[in-house]
Amino acid sequence: MNPLMLPLAQQFGGTNGFLGTRGSLMLDVVFLAMFAVVPLLALSIYVVKYRRAYDLHKKLQIVMGTVLLLAVVAFEVDMQFLTVWEERAEPSPYFSSQSKWSCPAGISLLVHLMFAVPTFVLWIVVMVQALRLFASPPKPGKHSLSHMLWGKLAAVGMVGTAVTGWIFYYLAFAAV
Ligand code: HEM
């Protein structure tokens, strides 16, 4: 029997997602979560920049940081131990296991990782430094200049991570 005729649940190792693609459960969760994170990040920067709502900005960033950290941990457990992403990407016209890092899906994963890895480190640094160096409740202070520079880079990095992640997801797990 052609393996593509099998029900989705029987085709791949790990737990399947819910988006009707070849994504695993955690791939789908993270793919969707980024659609919440990007507008929330825009809102958080808007309220601090135009409304001077420092405390709301702090709360929004802590919620986002915590959710993202939990998602990254769950995602890594899934990718390292449960899901073989190459197996799920194999039916895509943009993926080939023979040229894993030079096919479009592989290149898009490399670009995605170039955003995701530094952004992960940057978020931890920006978060820890903000919690250490701003007053509580937070208000502008000596840490402002550095926070505004690195905070902007961290925000741009997160949007880049989301966009490149969505592209990789499509190329590897949705395209037919
Ligand atoms: C990764 C997490 C965070 C990111 C990406 C981030 C991002 C930003 C950005 C881009 C701005 C500048 C807005 C502008 O252009 O005026 C800003 C301002 C600010 N943030 Fe954050 N932030 C984060 C976490 C925090 C936390 C945890 C706190 C509090 C402990 C905080 C407190 C502030 C304050 C007080 C300002 C205003 C600075 C001023 O106007 O002088 N931020 N943040």
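Using +1 at the C-beta of Lys and Arg and -1 at the C-beta of Asp and Glu, which of L149, G165, S92 has the Cα lying farthest in the positive direction of the dipole of the chain? Positive-most Cα among the choices belongs to L149.
What is the percent carbon and sulfur in the accessible area of segment 54-96, measuring with a 1.4 Å probe over the protein chains and ignoring ligands?
On the way: 1800 of 2460 Å².
C and S fraction of accessible area: 73 percent.
Sparse packing (at most 12 other Cβ atoms within 10 Å of the Cβ) combined with a DSSP loop state is found for the following chymotrypsin sites (Phe, Trp or Tyr not before Pro) in segment 87-176: W101. Out of the total accessible area of segment 116-167 (probe 1.4 Å, heavy atoms of protein only), what percent is carbon and sulfur? On segment 116-167, the fraction of accessible area on carbon and sulfur atoms equals 79 percent. Taking 0.36 nm per residue of separation and subtracting the Cα-Cα distance, full extension of the segment from A71 to E90 would add 4.4 nm. For trypsin sites (Lys or Arg not before Pro), the sites in segment 126-176 that DSSP calls loop and that have at most 15 other Cβ atoms within 10 Å are K142. Electrostatic bookkeeping for A42 treats Lys and Arg as +1 and Asp and Glu as -1; over the other residues with beta carbon under 14 Å from its beta carbon, the sum is +3.
Any number yet on Rg/Rh for the chain, C-alpha, Kirkwood?
Details: Rg = 18.9 Å, Rh = 17.7 Å.
Checking Rg against Rh, the ratio lands at 1.07.
Might you report the magnitude of the Cβ-based charge dipole of the chain about its Cα centre, with Lys and Arg at +1 and Asp and Glu at -1, to the nearest 20 debye? Intermediate values should be presented prior to the final figure.
On the way: 12 positive and 7 negative charges, 220 e Å.
With Lys and Arg at +1 and Asp and Glu at -1, about 1060 debye.
Solvent exposure of segment 1-148 amounts to 62 Å² per residue of accessible area, where only protein heavy atoms count and the probe is 1.4 Å.
The values are calculated or read from the model by the stated rules, or taken from the named source; none is laboratory data. Everything numeric here is computed off the predicted structure, so don't read it as measured data. Glycine gets a Cβ as well: all are built from the backbone with ideal geometry, and neighbour counts include every protein chain shown. The accessibility values were calculated without ligands, DNA or RNA, using every heavy atom of the protein model including side chains. Shrake-Rupley method; radii C 1.70, N 1.55, O 1.52, S 1.80 Å.
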